[in-house]
Ligand code: LMR
């Protein structure tokens with residue numbers, strides 16, 4: 001049966017983690033996957049998460065099936081976080097939110113739903129984009145193409161190129177947009193640029209799918225959420241995928257959500273009924289634990305305030321690491337990398353070639369993706385000099 005099955009290449013991001021774990025070099029540093037580590041190089045357990053879990057242990061519950069679309073109180077909390085508690089869309093019953101298996105699970109639910117609704121549509125992703133966007137939408141049956149995004153010359157976003165590509169897209173085209181902390185480049189659109197994107201979406205009758213995996217890592221929860229609210233003001237129907245992997249440091253719990261904005265409450269009810277079939281035929285209903293943690297934190301003013309503070313600390317430490325990396329590179333003899341501090345979120349697009357990234361890995365055990373992306377959220381005082389020297393070494397020859 002499987003004799004003709006070909007060996008697939010390792011995953012461009014998670015495959016690096018497997019390789020990293022097997023690496024015996026004591027100086028190894030994993031800047032591949034987008035995972036935040038604290039100043040001691042440890043994956044943090046947020047205090048708000050620990051407190052929520054303690055409450056849950058104190059009042060143990062049996063583990064019944066959840067509703068197909070997840071924990072209702074979680075879905076409501078997420079909706080209010082993403083769209084704002086006072087959103088007229090919520091008041092009008094136009095938004096459905098379903099718990100999903102992380103941000104990736106949310107994207108796949110959305111992709112499967114859209115494939116059913118718009119089987120002929122093409123998908124446009126940014127050039128470059130998170131590797132899994134291409135794979136996920138292709139697997140869902142779509143033809144995936146790219147819109148211009150990163151401009152290597154100016155070290156920023158090619159906004160005019162992006163807008164031109166969106167304006168050239170056929171009506172109904174699904175446009176995947178990084179709501180904040182663009183992965184992999186770290187360059188986001190300015191608010192005025194977002195308005196131009198929204199103009200193109202509205203004028204061209206495009207379907208926007210906002211991937212919000214890093215809310216709170218650019219400027220703050222509210223500030224980063226402004227993009228969704230800008231769409232809510234002007235776009236009739238769109239989708240948002242939410243991830244709490246990074247913002248709650250709940251990677252392994254697979255906790256996220258898909259929100260779909262519909263024309264009215266009746267349409268929303270019909271869309272939810274179809275989304276439930278997508279969920280039921282994939283994994284029946286989502287797991288309980290991660291969503292219960294997030295729901296407990298978001299629903300409790302004290303824990304929520306603690307979360308906002310802890311998220312702010314992660315964001316600030318990443319910013320410090322950006323500055324430290326620029327300084328470390330200068331100390332190692334590499335000038336002109338100030339743009340690293342212009343980037344936001346967990347990643348820096350280092351400008352290194354595939355060959356240089358591979359040498360970094362094989363000769364120095366410093367792991368980043370082949371595209372030149374490094375996770376600055378995994379840098380710390382203990383590894384930054386070594387990383388800087390290793391980058392300098394591969395840049396020299
Ligand atoms: C990343 O881009 O490294 C993260 O989003 C983790 C993943 O699933 O790829």
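The values are calculated or read from the model by the stated rules, or taken from the named source; none is laboratory data. Values in this document were obtained by computation on a predicted structure and should not be read as measured data. Note that we place each Cβ from the backbone using ideal geometry, even for glycine, and neighbour counts take in every protein chain shown.
On the basis of being in contact (Cβ under 8 Å) with a residue 12 or more places away in the chain, within 14 Å of the ligand (Cβ to nearest atom) and assigned by TED's automatic domain parsing to the domain that holds residue 104, does residue 132 make the cut?
So residue 132 fits the description; yes.
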Inset, instruction - Output the residues belonging to region 248-297 that are surrounded by fewer than 17 Cβ atoms within 10 Å (Cβ to Cβ) and within 16 Å of the ligand (Cβ to nearest atom). - result: 252
Inset, instruction - With respect to residue 95, determine if the residue is in contact with a helix residue (DSSP H, G or I) (Cβ under 7 Å, 6 or more places away or on another chain) and within 16 Å of the ligand (Cβ to nearest atom). - result: no
Inset, instruction - Inspect region 16-26 for any residue being within 23 Å of residue 240 (Cβ to Cβ), surrounded by fewer than 20 Cβ atoms within 10 Å (Cβ to Cβ) and more than 16 Å from the ligand (Cβ to nearest atom) and give the result as yes or no. - result: no
Inset, instruction - State all residues of region 152-186 that are touching a strand residue (DSSP E or B) at 6+ places or on another chain (Cβ under 7 Å), farther than 26 Å from residue 108 by Cβ and touching a residue at least 12 places away in the same chain (Cβ under 8 Å); if no residue qualifies, say none. - result: 157, 161
Inset, instruction - Check 226, 208, 218 and return the single one that is assigned to a helix (DSSP H, G or I) and modelled with pLDDT of 95 or more. - result: 226
Inset, instruction - Consider residue 353 carefully, then state whether it is under 26 Å from the mean Cα position of the chain (by Cα), surrounded by fewer than 19 Cβ atoms within 10 Å (Cβ to Cβ), away from the ligand (no atom under 16 Å from the Cβ) and within 25 Å of residue 221 (Cα to Cα). - result: no
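From the residues in region 76-93 that are in contact with a strand residue (DSSP E or B) (Cβ under 7 Å, 6 or more places away or on another chain) and surrounded by 22 or more Cβ atoms within 10 Å (Cβ to Cβ), which one is nearest to residue 235 (Cα to Cα)? If you could, list the steps in order and put the result at the bottom.
Start the filter on region 76-93 by keeping residues that are in contact with a strand residue (DSSP E or B) (Cβ under 7 Å, 6 or more places away or on another chain), which leaves 78-79, 82-83, 89.
From the residues that got through so far, the ones that are surrounded by 22 or more Cβ atoms within 10 Å (Cβ to Cβ) too are 78, 82-83.
Working: 78: 20, 82: 15, 83: 13 Å.
Ranking the candidates gives 83 first.
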Inset, instruction - Identify the residue in region 178-211 that is touching a helix residue (DSSP H, G or I) at 6+ places or on another chain (Cβ under 7 Å) and either closer than 18 Å to residue 103 by Cα or not assigned by TED's automatic domain parsing to the domain that holds residue 130 (or both) and, among all such residues, is nearest to the ligand (Cβ to nearest atom). - result: 211
Legend entry - Filter result for residue 343 (under 20 Å from the mean Cα position of the chain (by Cα), farther than 30 Å from residue 76 by Cα and in a loop (DSSP other than H, G, I, E, B)): yes
Legend entry - Count of residues meeting criterion [farther than 13 Å from residue 221 by Cα and assigned to a loop (DSSP other than H, G, I, E, B)] in region 71-84: 1
Inset, instruction - With respect to residue 245, determine if the residue is within 16 Å of the ligand (Cβ to nearest atom), farther than 22 Å from residue 69 by Cα and buried (at least 16 other Cβ atoms within 10 Å of the Cβ). - result: no
Inset, instruction - Kindly indicate whether any position in region 259-281 is touching a helix residue (DSSP H, G or I) at 6+ places or on another chain (Cβ under 6 Å), over 30 Å from residue 197 (Cα atoms) and either without any contact (Cβ under 8 Å) to a residue 40 or more places away in the chain or in a helix (DSSP H, G or I) (or both). - result: no
Legend entry - Residue under evaluation residue 34, criteria (1) surrounded by 20 or more Cβ atoms within 10 Å (Cβ to Cβ); (2) more than 16 Å from the ligand (Cβ to nearest atom); (3) outside the structural domain of residue 274 (by TED's automatic domain parsing), criterion not met: (2)
